[in-house]
Amino acid sequence: MSNDRSPQVRHEGTGGATLIWTEGAETHSALWRSEAGVPLPRRIVAADDTLSADAAYRLACEGTALLWRGDFQNARQLLQAMARRLERKPRRKRGAGSGTLPAASAEVFHRHRMAQAQRARILGMLLVPVEAGHVIPLRRAPDVCKACQEAFGAADAPYVLSLRELLGVIGAHEWRRKGVPVRALAASIHPYHGVFSPVRGEYVQLVAEAPLPDALKAKSLAFDIGTGTGVLAAVLARRGVAHVVATDMNERALACARENVERLGLANTVEVCRADLFPPGHATLIVCNPPWLPGKPASPLEHAIYDPDSSMLRGYLAGLADHLEAGGEGWLILSDLAEYLGLRSRRELLGWIEQAGLKVLNRLDTRPTHARAFDADDPLHAARSAEVTSLWRLGRAA
């Protein structure tokens with residue numbers, strides 16, 4: 001079923017928005033929910049199990065959102081079918097050149113991000129209604145109350161969101177429930193929705209194996225800047241650092257870190273607090289794992305991946321010397337993927353270190369072990385296969 005009437009939009013004082021649409025002669029309204037900040041769809045039609053995947057894909061490409069009224073599991077299958085249509089590669093004309101860009105370049109990266117954004121936009125056009133209390137009024141719909149409560153809080157009114165985002169919420173709930181095993185802790189970390197999970201264990205292992213500064217024997221205090229799940233703070237505490245102050249600006253990350261250190265029995269050692277980079281005072285060891293790629297995040301989770309203008313990286317380096325104890329070290333955990341993509345040069349990084357009154361004491365390197373590093377079909381494979389993750393040991397320049 002469908003109708004051609006565009007939705008009416010009413011913006012509320014809190015910055016939210018209400019979606020108003022008609023189905024037949026009946027008017028409906030619900031809050032619009034998108035943590036990624038996707039704007040309200042300009043056109044919306046009701047859809048059910050009679051809609052073909054080709055028709056759904058065509059409407060989504062044209063910018064028409066599909067509010068699902070059919071079977072929930074069929075909606076999931078429809079989303080997969082739409083994704084397959086996006087993945088079809090256009091046939092190359094016989095005799096034409098490849099037209100490919102250099103294997104590693106900023107243009108390749110930006111085209112890849114544009115393609116990802118286009119994919120997210122199209123797949124985000126399949127919407128599901130959710131009633132108050134996080135109840136999905138569709139056949140064979142799962143119980144998502146707990147997952148949505150964790151991600152969004154209480155729901156006193158009905159709302160609409162994309163099926164793709166809802167599936168992400170459900171997946172995040174499973175990660176939070178089961179946890180992510182961390183070899184360096186011999187335990188699991190339980191990430192919250194929207195907080196980056198420590199699935200790339202190589203950088204955690206670097207922190208677990210790097211030699212601790214001798215100065216910690218005199219003052220056993222460390223800062224973990226931008227703690228996220230709290231995994232690095234927990235590793236330092238397990239290594240014997242007597243007091244670790246873990247900071248973040250994201251309230252969800254702070255709650256996540258507090259829960260994880262409590263689960264691990266480290267609440268008396270790790271103090272989690274809200275701070276813009278550094279807490280007050282000085283520490284012997286200051287660790288930071290900033291987002292590795294310069295760029296604008298497109299979703300809450302991408303804040304752990306993309307750092308606009310490398311602002312967190314530069315802020316950490318600029319303030320490090322002023323917060324280090326004598327003989328202390330700053331550990332910067334950073335991938336060189338940005339260098340292979342032409343987004344930031346090694347010369348720039350070394351220049352920022354020098355300008356901050358710092359010197360490189362040592363560097364520990366490791367290779368990524370995640371699946372994308374070995375996926376030859378990945379558009380960024382040339383850069384990913386060469387990537388090195390490093391722990392830079394930094395100290396005050398003489």
### Query
Has segment 30-44 got at least one residue that is modelled with pLDDT of 85 or more, in a helix (DSSP H, G or I) and among the aliphatic types (A, V, I, L, M)?
no
### Query
Is one or more of the residues making up segment 238-253 farther than 21 Å from PRO198 by Cβ, at pLDDT 95 or above and either in contact with a Cys (Cβ under 6 Å, 6 or more places away or on another chain) or not polar (S, T, N, Q) (or both)?
yes
### Candidate set from segment 175-211 (those that are touching a helix residue (DSSP H, G or I) at 6+ places or on another chain (Cβ under 8 Å) and assigned to a helix (DSSP H, G or I)); member that is nearest to GLY330 (Cα to Cα)
VAL207
### Message
Among (1) modelled with pLDDT of 95 or more; (2) touching a Pro at 6+ places or on another chain (Cβ under 6 Å); (3) in the same structural domain as PRO291 (by TED's automatic domain parsing), there is one condition LEU185 misses while meeting the rest; what is its number?
### Response
(2)
### Query
Can you name the residue in segment 119-152 that is part of a loop (DSSP other than H, G, I, E, B) and within 23 Å of PRO39 (Cα to Cα) and, of all such residues, is farthest from the chain's Cα centre (by Cα)?
ALA132
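Scan segment 245-258 and tell me whether some residue there is farther than 25 Å from ALA151 by Cβ and β-branched (Val, Ile, Thr). Before you say what the answer is, go through the steps one by one.
Looking only at segment 245-258, we keep the residues that are farther than 25 Å from ALA151 by Cβ, and these are 245.
Those still in the list that are β-branched (Val, Ile, Thr) too: 245.
Checking segment 245-258: at least one residue is farther than 25 Å from ALA151 by Cβ and β-branched (Val, Ile, Thr).
Looking only at segment 136-156, count how many residues are under 26 Å from ALA253 (Cα atoms) and either hydrophobic (A, V, I, L, M, F, W, C) or touching a residue at least 60 places away in the same chain (Cβ under 8 Å) (or both). Give the steps one after another, and end with the answer.
The initial filter retains those residues of segment 136-156 that are under 26 Å from ALA253 (Cα atoms), namely 143-156.
Retained after the next criterion (residues that are either hydrophobic (A, V, I, L, M, F, W, C) or touching a residue at least 60 places away in the same chain (Cβ under 8 Å) (or both)): 144-145, 147-148, 151-152, 154-155.
Result for segment 136-156: 8.
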### Number of the condition not met by ARG164 [criteria: (1) in contact with a Gly (Cβ under 9 Å, 6 or more places away or on another chain); (2) under 28 Å from VAL287 (Cβ atoms)]
(2)
### Task
Considering only segment 202-234, state which residues are surrounded by fewer than 24 Cβ atoms within 10 Å (Cβ to Cβ) and hydrophobic (A, V, I, L, M, F, W, C).
VAL204, LEU206, VAL207, ALA208, ALA210, LEU212, ALA215, LEU216, ALA218, LEU221
### Message
Which numbered condition in (1) over 21 Å from ILE286 (Cα atoms); (2) free of Cβ contacts under 8 Å to residues at least 24 places away in the same chain is the only one that LYS217 fails?
### Response
(1)
### Query
Inside segment 261-357, counting only helices (runs of 4 or more DSSP H) that do not spill past its ends, which hold 3 or more residues that are among the small types (Gly, Ala, Ser), surrounded by fewer than 20 Cβ atoms within 10 Å (Cβ to Cβ) and over 23 Å from the mean Cα position of the chain (by Cα)?
311-323
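The values are calculated or read from the model by the stated rules, or taken from the named source; none is laboratory data. Predicted, not measured: the structure shown is a model, and the values here were computed from it. Positions of Cβ are backbone-derived with ideal geometry, glycine not excepted, and every protein chain shown enters the neighbour counts.
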